[in-house]
1. Please enumerate the residues belonging to the range 134-164 that are touching a Gly at 6+ places or on another chain (Cβ under 9 Å) and of a type in the set (Val, Ile, Thr).
2. I'm trying to understand the selection: among the residues of the range 140-156, which are farther than 16 Å from Lys180 by Cα and either in a strand (DSSP E or B) or modelled with pLDDT of 95 or more (or both)?
3. Do you know which residues across the range 155-181 are of a type in the set (Asp, Glu) and under 19 Å from Ser191 (Cβ atoms)?
4. Provide a single number: the residues in the range 243-261 that are in contact with a helix residue (DSSP H, G or I) (Cβ under 8 Å, 6 or more places away or on another chain) and open to solvent by less than 60 Å² (accessible area, probe 1.4 Å).
5. Tell me, yes or no, whether the range 262-269 has at least one residue that is open to solvent by 30 Å² or more (accessible area, probe 1.4 Å), of a type in the set (A, V, I, L, M, F, W, C), touching a strand residue (DSSP E or B) at 6+ places or on another chain (Cβ under 9 Å) and modelled with pLDDT of 85 or more.
6. Regarding Ile189, is this residue open to solvent by less than 60 Å² (accessible area, probe 1.4 Å), of a type outside the set (Asp, Glu) and either in contact with a Ser or Thr (Cβ under 8 Å, 6 or more places away or on another chain) or not assigned by the TED database to the domain that holds Ala153 (or both)?
7. Can you name the number of the only condition in (1) over 18 Å from Ser133 (Cα atoms); (2) at pLDDT 90 or above; (3) open to solvent by less than 20 Å² (accessible area, probe 1.4 Å) that Gly213 fails?
8. Can you list the strands (runs of 3 or more DSSP E) found entirely within the range 38-107 that contain at least 1 residues being at pLDDT below 55 and either over 28 Å from the mean Cα position of the chain (by Cα) or surrounded by 13 or more Cβ atoms within 10 Å (Cβ to Cβ) (or both)?
Amino acid sequence: MPEAATTPAMAEVLSVGKESVAGCRARVAHNVLNQVVLPGEELVLPEHEDVDGLGGAGEQPLRLNSGARPRLRVVCGPGLRRCGDRLLVTKCGRLRHKEPGGGGGGVYWVDSQQKRYVPVKGDHVIGIVIAKSGDIFKVDVGGSEPASLSYLAFEGATKRNRPNVQVGDLIYGQCVVANKDMEPEMVCIDSCGRANGMGVIGQDGLLFKVTLGLIRKLLAPDCEIVQELGKLYPLEIVFGMNGRIWVKAKTIQQTLILANVLEACEHMTTDQRKQIFARLAES
């Protein structure tokens, strides 16, 4: 039988897997940036950098359990987990790094193309109210179990003045509890008690689901897609980190066009996207 064709991405994953199995030792994070990492791999973060650059004599492993505080504050994002004094990879994807703004070690995370959402503390999500249980609303956020939302977690809500939330309503809120051993918990107020755009989303509009990678792309500061959509039609749009988008335009036809364009943008090049927007502007 003929051998199956191997794509470059598959070849890269296979080579990384062979190196991981053969080496079985920690890899320096800076040396594998933008490369594929696999679950179970151990990463070493530099405590400080030498003038000559990374990998020199001045680089030392960052000991997470050491008594002395490290010189650089490093934040571990999705796809990485602290296990004792080790830093382990929990997702398959490419290791990314964001330089710090005011000093420190920056942020490390694993960029993966997954479809299933895992709640993360601080994420703004779009949920659907599926049940009322006493003073708690059960909200479907796309995770393995629904999130809980208290009726007091709304701006101006009291025991007498309860929010008007019904089963089936769309809720835009923030996850405040996201633990593998506990059910997620979300609120619709910020730290100052203000709604700040969160709460019940209007009845009209269209809700659809996209991949998590597209959501991160649309929420990037340098993304031009949303700006081009705003020039095309007047619209209201809400992005949820759980892969849900709510959009509303002046007419139903415009709303459907915007939804189709957003879904197709993930696989379009910049030139193709400009051609599509030019055709829609002419029509």
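1. Val139, Val141
2. Going residue by residue through the range 140-156, those that are farther than 16 Å from Lys180 by Cα are 140, 149-156.
Scanning the range 140-156 gives Asp140, Leu149, Ser150.
3. Within the range 155-181, Glu155 is the sole residue that qualifies.
4. So the count comes out to 7.
5. no
6. Answer is no for this residue.
7. Result: Gly213 passes all but (2).
8. No strands (runs of 3 or more DSSP E) qualify here.
The values are calculated or read from the model by the stated rules, or taken from the named source; none is laboratory data. Just so we're clear, the structure is a prediction, and the values are computed from it rather than from any experiment. Positions of Cβ are generated from backbone atoms using ideal geometry, with glycine treated the same way; all protein chains shown enter the neighbour counts. For the accessible areas, the whole protein counts, side chains as well, though only heavy atoms, and no ligand, DNA or RNA atoms are used. Shrake-Rupley method; radii C 1.70, N 1.55, O 1.52, S 1.80 Å.
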